[in-house]
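Structure, as structure tokens:
Please treat every number below as a calculation from the coordinates, not as lab data. Every value quoted in this text rests on a predicted model; they were computed, and no experiment measured them. Positions of Cβ are generated from backbone atoms using ideal geometry, with glycine treated the same way; all protein chains shown enter the neighbour counts.
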Amino acid sequence: MAHDAGALVLFSGGQDSATCLAWALERFATVETVGFDYGQRHRIELDCRDRIRDGLKALKPAWAERLGEDRTIGLDALGQVSDTALTRAVEIETQASGLPNTFVPGRNLIFLTFAAALAYRRGLKHIVGGMCETDYSGYPDCRDDTIKALQVAVNLGMDRRFVLETPLMWIDKAATWRLAEELGGRGLVDLIVEDSHTCYLGERGRRHDWGFGCGTCPACMLRAEGYRRFQAGDADGIGEI
């Protein structure tokens, strides 16, 4: 376990961020969480956060001791300047650029910058996010090079030595399910299935074996396929705890 100055986890209430939170609780003596409300179409994910935090504390006494404060930061301006399928009730489709219209330009850059400002005030060195290059929709702000470049920028701009941690960067969605099982057993997998939210449409009316969601949006399809492969024992790029 690392003990240097604790961690701040970008915690949306989704599968990836819930897994990252468990990863951080296993590694750091102090862990705080932050979520962002930017007018997202699937804002229901923010309502899942308290249940997941409570469930994590119930899984391991050590996690309960390490889990600290939670905050939600309003970023309405991001939603106002974003004309995307995550901030508008429009059909999800691929744009001429090749990117899906679920891409919110600058979102991760803004999230991580605000997180760094909060970590600065809270005295936390490690900032943990669920960005991933292996199973993603081509979002340029999920790339490892982007995160590394931003780490340099925030460290120069704030005169700190933050470490931007991305434990899911090189593993696929099946391996993300496997990592959750390695960290917290079947109890953590079940918690993520029941209480996390990934669906871009904010649908929680239908329960699938992998959780709640519309079942047809890109986020649901990726989560469902990863769960199927995880159950079948087929996961590439298993991460280290």
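Here are some notes:
- Selection among Ser196, His126, Cys214 by position relative to the dipole of the chain gives His126 as farthest towards the positive end (Cβ unit charges, Cα centre).
- Dipole magnitude of the chain about its Cα centre (Cβ charges: Lys, Arg +1; Asp, Glu -1), debye to nearest 20: 400
- Taking the number of Cβ atoms within 10 Å of each Cβ as an exposure proxy, the fewest-first ranking of Val189, Val163 is Val163, Val189.
- Taking His197, His208, His126 and counting other C-beta atoms within 10 Å, the order from fewest to most: His208, His126, His197
- When the chain is treated as a GNM with alpha-carbon contacts under 10 Å, the residue of Gly157, Gly13, Gly185 showing the greatest mean-square fluctuation is Gly157.
- By the rule of a C-alpha distance below 16 Å, with chain neighbours fewer than 8 residues away ignored, the lysines paired with Lys125 are Lys148.
- Highest GNM mean-square fluctuation among Lys125, Lys148, Lys173, for the chain modelled with Cα contacts below 10 Å: Lys148.
- Simple label model, 7 Å out from Cα along Cβ direction - Gln231 to Ala149, nm: 4.0
- Direction-averaged projected area, Cα convex hull, segment 7-198: 10.4 nm², rounded to one decimal.
- Maximal additional length on extending the Ile44-Glu181 stretch stands at 46.8 nm, based on 0.36 nm per residue less the C-alpha distance.
- Cβ-based net charge around Ala224, under 11 Å, with every Lys or Arg adding one and every Asp or Glu removing one: +2
- Cα-Cα pairs of segment 144-241 separated by more than 15 Å (percent): 66
- Other-chain or far-sequence residues with amide H under 5 Å of Arg71's (modelled H): Thr33, Val34, Gly35
- Residues whose amide H comes within less than 5 Å of that of Val128, counting only those at least five positions distant or on another chain, are Leu8, Val9, Leu10, Glu165 (H built at 1.01 Å from N in the peptide plane).
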